[in-house]
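The values are calculated or read from the model by the stated rules, or taken from the named source; none is laboratory data. On a predicted model such as this, the values are computed, not experimentally measured, just so you know. Methodologically, a virtual Cβ is constructed for each residue, glycine included, from the backbone with ideal geometry; neighbour enumeration extends over all protein chains shown. With ligands, DNA and RNA removed, areas are computed over all heavy atoms of the protein, side chains included. Shrake-Rupley method; radii C 1.70, N 1.55, O 1.52, S 1.80 Å.
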Amino acid sequence: MDRPPSPPGAERADGSFVQIGALVPLTRPGWVEAGRHLLAGLELAVREVNDAGGIVGRPLELVVRDTAADPHRAAAAVDELARLGVVALAGEYHSVVARAAAARADALGLPFLCSSAVLDALTERPTEWVARLAPAQSHGWRIYADFLLRAGHRRIVVAAESSVYWAAGARVLRDHLAPRGGTVIELDVRGRTPRAVCDELVDSRATALLLLVGHPEPAVPIVKSVRRDQRLAEIMIGAPAGQPEFAEWAMLLGDDGAAIPFLRYLPERLSPLGARVETALRERLAEAPSFVAFEGYDAVAVLADVLRSQGVDRARTAGSWPRVAVEGTRGQIRFSRTPGISVWQWAWTPIQVVDRDPADPGRFRILHTG
């Protein structure tokens, strides 16, 4: 691995902050609620690191940049943060945005621990500079496909928008389901009204509709339209990307948002560390923390452990990915090389398929684990 030196001023003996750049979607069209949870996890972990003495006596500081779901904005933020002398990057929720950030981090020799994005091809070529906590899309979405098969769904409509992320998800589902007797029918929702989507569903004779679309638009109007169409009373709606995880989903849809299975990256039972962090996150957020908040916390916990042992040199940080062994909120975190994945990967975080309970939409039911 090429090891460019850390920039002048990145390590000083005057007790200054050790800075980590944080990439977070905080404004639209980014998924703001996901960004808020991600930032809460990052900030909580930084506070706890500093309460425990910081990084060899130096306080840790987040330098936060809003990506707003814009790949170009994210790439520019990476350039700026590198110039500012951050020792590493953490965060990002949107896969296409994280891909742009990872490409710049790789080019600049800046370690990037991606907390939440799942796109398999996070970088076009294998890199030593990027590691990831979230499971790769191909892994998680195959587990979702297994859930569909176990639930008896063989004919599935995928309502999708145009995106590298959505196209990759549809391909994972199709490739996994087809050899097992499943059929995936792709429906481009661009230019179609929710009513037109319902008409297509009726004609398809599908038993399941998967939403591979943005939130709240057009996901919420499609759900409302399907729920109110008596012709589709028996169809299952699914959202593998996790839209129903957040409170905004329940607020906008109420009972209509229940019984829509999605992927969530949490264990069935949290460890004592996870339970303690959950309590602290709930207080910080004033609501139940999503798995994205735990991903943010774990990202800082990993980086803090590396910085304590390796110092703040960027190349040493990136070179330490294969030696990481950190107890995170959802299990012990180790990185390895995984076939088909270009970055250092935690293989694998716990994965659940859950939904909101129709009897109590504020409660989640675990339907399947992988």
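Residue-wise test of (1) surrounded by fewer than 23 Cβ atoms within 10 Å (Cβ to Cβ); (2) of a type outside the set (Asp, Glu); (3) assigned to a helix (DSSP H, G or I).
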| site | (1), (2), (3) |
| --- | --- |
| 131 | no, yes, no |
| 134 | no, yes, no |
| 171 | yes, yes, yes |
| 174 | yes, yes, yes |
| 177 | yes, yes, yes |
| 185 | yes, yes, no |
| 206 | no, yes, no |
| 211 | no, yes, no |
| 217 | yes, no, no |
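Name the residue, out of 232, 266, 252, that is more than 27 Å from residue 172 (Cβ to Cβ), open to solvent by 10 Å² or more (accessible area, probe 1.4 Å) and out of contact with any Asp or Glu (no Cβ under 6 Å at 6 or more places or on another chain).
On the way: 232 fails: more than 27 Å from residue 172 (Cβ to Cβ); 266 fails: more than 27 Å from residue 172 (Cβ to Cβ).
On inspection, the qualifying residue turns out to be 252.
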Within segment 333-345, is there a residue that is under 22 Å from residue 19 (Cα atoms) and polar (S, T, N, Q)? no
Among the residues of segment 222-275, the number that are within 30 Å of residue 331 (Cβ to Cβ) and part of a helix (DSSP H, G or I) is 12
Being in contact with a helix residue (DSSP H, G or I) (Cβ under 7 Å, 6 or more places away or on another chain), part of a helix (DSSP H, G or I) and surrounded by fewer than 21 Cβ atoms within 10 Å (Cβ to Cβ) is the filter here; which residues of segment 139-164 pass it? 142, 149, 164
Any idea how many residues of segment 40-67 are open to solvent by 30 Å² or more (accessible area, probe 1.4 Å) and either on the phi > 0 side of the Ramachandran plot or part of a helix (DSSP H, G or I) (or both)? 8
Applying the selection to segment 280-317, what residues are open to solvent by 30 Å² or more (accessible area, probe 1.4 Å) and either charged (D, E, K, R) or without any contact (Cβ under 8 Å) to a residue 24 or more places away in the chain (or both)? 282, 283, 284, 286, 287, 305, 308, 309, 310, 313, 316
